[in-house]
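Below is one structure, written out as C-alpha cells, with a few remarks after it.
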C-alpha cells in the first residue's frame, strides 16, 4: 500500500471555489535544517514500490516521525537521507492509528535533527512552513534501486508557506488539529510543519482542496523515550482487524488510484467494525458522490454530521448540496455549523454569503464575504459574491469595485459581466458597457442577447 495524502474532497461547485493560497514569508527557509527531513518509500513482499512519503528525525540516535498511513501494508520501509544515503527502517517504536502518527527507529548512527517547538503556544495567523518530497518530483526507482548512484535530495525537497487558521477538533473532539493555509502536496505525508523559529510544531497529515490539517507535535513528545519495539510484520498482523487500516486503504483507492468500488469496500469494512467512525462515513459519501449516487452520498454526510454536528467538511458538503437543491435554510444551517467549528473556514464564509444573497439577506452576507476576503485577499469568488450582495442593496459603485477585483483574481463568470454591463448602462458609461458586451461575446460568441445589444451600439 503506498503512502498517500489523506485528501478531503469538499463537494463545492464553481461559484464557491477558492483558487488561491495565501503565502506568508516570515519563515527563514534557508535556516531550516533540511538534512533532518527524510524521504520514505514503502515496499511490498515482492519488493515492489508502493509509494513514497516524508518523515523527519527528532533525536540524534535516529528516531524518526511520520504518518501511520505511510507504513500501511508495507513489508519494508527504506529511507533516503538528504545526502543520498539509503537505510532500512529498523523497527517501529510507536503507532497511533487514530491520530495517524508513527515513530520509527533508524539504524544506529549520529543523525541530524529538527528541534521541536510547543504546539500549545500557536496563535491564529502565526506563519508556518511545510517540508516534503512531492511525489511528482521523485522517481523512487532512481533513488532506491540497488547499484544506482547516490542521489542528493537537496534539489528534491519542497517547501511551502502559509499561516495558522486555528486549532480545532476535526471529526474527533478528543484531540485538535492545526488548520492552516500551508499547502501539503502529495508526498508530504508525515513531513514537518515549521513555525517562525524553525521549530517543528506539527506533522502534515490531511491535505484537501480547501482544508489542510497538521497534527500538533505535542502529541508526539510523550513517546520519544519509549523502549518497545515492533516489526512491520507485527503491524501488518494488527492491521488485519484495524478500522483505521481499512479507512486509509479506502482513501488510497479513492483519491490516489481512482478505484471507487474498492474504496467503498474498504470504507464499508471500516464501518462494519465501528459504525460511529465519522471520517469513514464522510469519505464513503465522497465515494458515492464520485459515482453519482447522490442520495447515498447525502445519507453518509448526514450520518457524519449526526455523529459530530460540528464536523466542518461534512457540514460544508451538505451546505453545498442544499444550496444546489434550493433548500437554502438548510444550507445556511450547515455552513453556519461549519464556521462555528472552524471560524476561519474561508470557503464556508463565502458560501454562506452566497446563500444569504439568495435569501435576500445581503446585509447579513456582507460580513461573511468580507471575512473570506480578509483571510484570502486573492479569493476571486468571494469578491463575486460580495458584488452580488452590493447589487442586491443597490450599491452600484461598491458592486462594480467588487466585480473588478473578482476579474483581477481570475473570475470570468458570464453572469458577472452582464451585471457589470447593467451597472455601466445605469451609470451612462456606454463605452464601458460596450466593452462588457465584447467580453460576453468572447466567452459565448453566439449569445443572441449580447449580439442584439451590440448591434444597437453600432447604429
Report task. Scale the Cα Rg of region 327-414 by the rule-of-thumb value 2.2 N^0.38 Å and send over the ratio, two decimals. Result -> 1.01
Query - Potential lengthening between residue 120 and residue 259 on full extension [0.36 nm per residue; Cα-Cα distance subtracted] - result: 46.1 nm
Query - Simple label model, 7 Å out from Cα along Cβ direction - residue 155 to residue 396, nm - result: 5.8
Query raised in the report: So what are region 416-458's ellipsoid semi-axes, whole angstrom, largest first, if each one is the square root of 5 times an eigenvalue of the alpha-carbon gyration tensor?
Result: 16, 11, 8
Report summary line: Taking only the Cα positions of region 223-301, the convex hull volume per residue in Å³ is 110
Report summary line: Cα extents of region 85-132 along the principal axes, largest first, in whole Å, come to 39, 27, 18
Query - By average C-beta atoms within 10 angstrom, highest first, the peptides 216-227, 63-74, 155-166, 344-355 - result: 344-355, 63-74, 155-166, 216-227
Report task. Any chance you could run the full-extension gain for residue 110 through residue 441? It's 0.36 nm times the residue separation minus the Cα-Cα distance, nm to one decimal. Result -> 112.5 nm
**Report entry** Crossing angle, helix 260-273 versus the chain [Cα axis fit, 0-90 degrees, rounded to tens]
**Finding:** 70
**Report entry** Compactness of region 374-413, expressed as Rg and Dmax over alpha-carbon positions, Å
**Finding:** 9.3, 26
Query raised in the report: Fully extended, how many nm does the chain gain between residue 196 and residue 269 (0.36 nm per residue separation, minus their Cα-Cα distance)?
Result: 22.1 nm
**Report entry** Alpha-carbon gyration tensor eigenvalues x 5, square-rooted, for region 381-459, Å
**Finding:** 21, 14, 9
Report summary line: Kirkwood-based Rg/Rh on the Cα set of region 185-258 evaluates to 1.02
**Report entry** Ordering of 421-427, 94-100, 229-235 by packing [mean C-beta count within 10 Å, highest first]
**Finding:** 94-100, 421-427, 229-235
Report task. Tell me which label goes with the value of Cα Rg over 2.2 N^0.38 Å computed from the coordinates here: (1) 1.17; (2) 1.09; (3) 1.00. Result -> (2)
Report task. In Å and from the alpha-carbon atoms only, list the Rg and Dmax of region 243-379. Result -> 16.1, 47
Query raised in the report: For the chain, what is the mean residue ellipticity at 222 nm derived from helices alone (per DSSP H run of n ≥ 4: -39500 (n - 2.57); sum divided by total residues; nearest 500 deg cm²/dmol)?
Result: -12500 deg cm²/dmol
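Values in this text are rule-based calculations from the coordinates and carry no lab data. Given the structure is predicted, the values throughout are model-derived calculations rather than measurements. Counting neighbours? That spans all protein chains shown, and the Cβs are built from the backbone with ideal geometry, glycine included.
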